[in-house]
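K.L.:
Before I ask anything, here is the structure I am working with.
The values are calculated or read from the model by the stated rules, or taken from the named source; none is laboratory data. Because the structure is a prediction, the values reported are computed rather than measured. All Cβ positions, glycine included, derive from the backbone under ideal geometry; neighbour counts span all protein chains shown.
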Amino acid sequence: MADITKDKIKLRPFSFSDKKRMAELANNKKIWENLRDAFPHPYSEKDAENFIEMCLSKNPKTFFAIELEGELVGSVALVPQSDVYRKSAEIGYWIGEPYWGKGIATEAIRQILDFGFENLDIVRIYTGIYGHNLASQKVLEKNGFQKEAVFKKAVFKNGKFCDEVRYGILREG
Ligand SMILES: CC(C)(COP(=O)(O)OP(=O)(O)OC[C@H]1O[C@@H](n2cnc3c(N)ncnc32)[C@H](O)[C@@H]1OP(=O)(O)O)[C@@H](O)C(=O)NCCC(=O)NCCS
């Protein structure tokens, strides 16, 4: 049940000073299990530094640190697509485990949707969630995403197959 007021949650660019806390929060198998294998596990400070370097090199800047009252608690990003998919962006996010269940992902996604549809030349934001990840499906549904498809056994993660549930939301108007 969400218990954190929205104005305490802010998206901001990453900085190298986030490296240590980012590694502490990201070094968690429960987070890795729900993300692609490109997300390292174990997750070191060097991994955090590489990630922050990548974020800062992007233009436009679409990778954000999520802050709760000034403290880093997670990450949310839009990844603009290319070629015929260039009017779409993929969304990705994670929240550090100590902060789960407080409404933070729901609010961070709301904010990045506003950012994306106002600032990027896109009409669609989408992602694929592993079938067992009901919390992530819930935060998307609470933000108006539609469940569009289930890709059976699309994902092979941690030695097991799982379904990928595809969600999307279109720019209004
Ligand atoms: C998924 C994740 C981002 C959710 O972050 P969060 O800040 O805890 O999410 P919120 O508190 O905003 O909302 C979670 C919602 O899911 C619900 N929920 C949690 N566990 C659930 C479960 N097992 N089944 C159904 N709903 C569940 C909560 O009740 C809440 O809904 P409510 O506000 O209506 O009660 C976070 O758990 C996480 O980072 N997980 C690991 C990485 C990940 O899965 N990233 C997304 C990959 S696509």
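K.L.:
If you go through region 82-113 one residue at a time, how many are among the aromatic types (F, W, Y), within 12 Å of the ligand (Cβ to nearest atom) and either surrounded by fewer than 19 Cβ atoms within 10 Å (Cβ to Cβ) or part of a helix (DSSP H, G or I) (or both)?
P.N.:
The first filter runs over region 82-113 and keeps only residues among the aromatic types (F, W, Y), leaving 85, 93-94, 99-100.
Within this subset, residues satisfying the condition of being within 12 Å of the ligand (Cβ to nearest atom) are 93-94, 99-100.
After this cut, where a residue has to be either surrounded by fewer than 19 Cβ atoms within 10 Å (Cβ to Cβ) or part of a helix (DSSP H, G or I) (or both) as well, the list is 99-100.
Number satisfying all stated conditions: 2.
K.L.:
Name every residue in region 54-81 that is outside any strand (DSSP E or B) and either in contact (Cβ under 8 Å) with a residue 12 or more places away in the chain or within 12 Å of the chain's Cα centre (by Cα) (or both), in order of residue number. Give the steps one after another, and end with the answer.
P.N.:
The initial filter retains those residues of region 54-81 that are outside any strand (DSSP E or B), namely 54-62, 69-70, 81.
Selection gives C55, L56, P60, K61, T62, E69.
K.L.:
While we're on this one: Here is a list of conditions, (1) assigned to a strand (DSSP E or B); (2) crowded, with 19+ Cβ neighbours inside 10 Å; (3) more than 14 Å from the ligand (Cβ to nearest atom), and G116 meets all of them except one; can you say which number that is?
P.N.:
If we test G116 against (1) assigned to a strand (DSSP E or B); (2) crowded, with 19+ Cβ neighbours inside 10 Å; (3) more than 14 Å from the ligand (Cβ to nearest atom), just (1) comes out false.
K.L.:
Among the listed residues S82, S88, S136, identify the single one that is in contact with a Lys or Arg (Cβ under 9 Å, 6 or more places away or on another chain) and among the hydroxyl-bearing types (S, T, Y).
P.N.:
On the way: S82 fails: in contact with a Lys or Arg (Cβ under 9 Å, 6 or more places away or on another chain); S136 fails: in contact with a Lys or Arg (Cβ under 9 Å, 6 or more places away or on another chain).
None of the others qualify; the one that does is S88.
K.L.:
Give the residue that is farthest from D163 (Cα to Cα), with candidates limited to residues of region 1-56 that are at pLDDT 95 or above and polar (S, T, N, Q).
P.N.:
In this case the residue turns out to be S17.
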